[in-house]
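A short worksheet on the structure shown next.
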Amino acid sequence: MPTQKPIEPLEVVENPEEFCDRPSLLRASWAELKARRGQSVNFDTIGDPAYRIEQGPAPEPRVIPITHGDDAA
């Protein structure tokens with residue numbers, strides 16, 4: 001059975017749309033990257049991320065008629 005590659009914090013932070021359903025992973029990854037730079041994060045003061053992505057229903061497909069040059073009159 002193959003083992004899974006661990007998710008790197010930079011991968012999470014650079015692709016928030018792929019991890020938006022796991023906000024704790026986003027927060028932990030951000031904190032890890034800041035800690036590597038010797039900085040801290042106080043999530044109580046900064047609130048929700050500005051890039052917050054809400055997952056909703058998929059949009060309805062649109063039907064677009066195709067006309068050919070000689071069909072349009």
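Just a few scattered comments:
- The residues of the stretch 19-39 that are part of a loop (DSSP other than H, G, I, E, B) and at pLDDT below 90, listed by number, are Phe19, Cys20, Asp21, Arg22.
- Residue that is surrounded by the fewest Cβ atoms within 10 Å (Cβ to Cβ) [pool: residues in the stretch 29-43 that are farther than 12 Å from Glu8 by Cβ and small (Gly, Ala, Ser)]: Gly38
- Taking the listed residues Asp44, Asp70, the one that is in a loop (DSSP other than H, G, I, E, B) and at pLDDT below 85 is Asp70, with no other qualifying.
- Annotation note: Cβ proximity below 8 Å between a residue of the stretch 4-20 that is without any contact (Cβ under 8 Å) to a residue 40 or more places away in the chain and a residue that is surrounded by 11 or more Cβ atoms within 10 Å (Cβ to Cβ) and assigned to a loop (DSSP other than H, G, I, E, B) (sequence gap 6+ or interchain) occurs for Val12/Phe19; Pro16/Pro49; Pro16/Ile53; Glu17/Ile53; Cys20/Arg52; Cys20/Ile53.
The values are calculated or read from the model by the stated rules, or taken from the named source; none is laboratory data. This structure is a prediction, so every number in the text was calculated from the model and none was measured. For neighbour counting, all protein chains shown are included, and Cβ atoms are generated from backbone atoms with ideal geometry for every residue, glycine included.
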